[in-house]
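Every read-out reported here was derived from the displayed coordinates using simple, explicitly stated rules and does not represent laboratory data. All of these numbers come straight from a predicted model, not from anything done at the bench. Every residue, glycine among them, receives a Cβ derived from its backbone with ideal geometry; neighbour counts consider all protein chains shown.
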Amino acid sequence: MQSEIKNLMQKFDFNGQSGSLQYWELKHVRNEWVLTVAVQPFLSTNDDEGLENYRKRSLKQRFSVGPGQLVDKEWFSCVAVQTRVADQRTSHNSNQFMGQLVVPIFVNMGAHQILLGVIELVTAHPKACYIEDFNQIYNLLKNENLETNPMVTSTLA
């Protein structure tokens, strides 16, 4: 799976903006489902201290995200695992210093859609909308025989 995610990241176009992509892998560890970025693909424009600090904080995290479990809504990737839809935090959200887009990644196994993890785009400054970034990630996923669900059209406060 890492090779598909690396391919996606290498082809992603930040369009001249400061940003990073990180992959939150969903894996089963000791009878629980956890979400982590440790030893997972990562790509950054490497030009923003806030993005670097966010990455460092992310590397220290490991979230339990099983069914019925409360998740820390500060960590948007956890919300995407529970809702199973892509979502964005934009300049329209109060107290939003960086922008975010989270995109859950699935593979089809017959009639079942299996959640593999979440691609998170973090931008140094929030955009008004991340639909173009979502469409780019959607198409890159499709090229790797992976899928996602539609993006939420409203934003979280």
Partners for LYS11 among lysines (Cα-Cα distance below 28 Å; same-chain residues under 8 apart left out) = LYS27, LYS56, LYS60, LYS127, LYS142
Label points 7 Å out from Cα along the Cβ direction at LEU70 and ASN31: separation in nm?
-> 2.2
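So, R0 is 22 Å and r is the distance between the beta-carbons of ILE131 and THR45; what FRET efficiency does that work out to, to 0.05?
On the way: r = 20 Å, r/R0 = 0.93.
In this case the efficiency is close to 0.60.
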Compute the relative contact order of segment 2-143 as a whole-number percentage, counting only Cα pairs closer than 8 Å that sit 6 or more residues apart in sequence.
-> 26
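Can you sort HIS28, HIS125 by how many other beta carbons sit within 10 Å, fewest first? Provide the component values of the computation, followed by the final result.
On the way: HIS28 9, HIS125 14.
Fewest to most other Cβ atoms nearby, the residues stand as HIS28, HIS125.
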Over the chain, with a single point scatterer placed on each C-alpha, what log10 of the ratio I(q)/I(0) does the Debye formula yield at q = 0.09, 0.20, 0.21 1/Å?
-> -0.26, -1.43, -1.60
A correct fewest-to-most ranking of MET151, MET1 by other Cβ atoms within 10 Å would be MET1, MET151
Take GLU74, GLU32 and order them by how many other Cβ atoms sit within 10 Å, fewest up front.
-> GLU74, GLU32
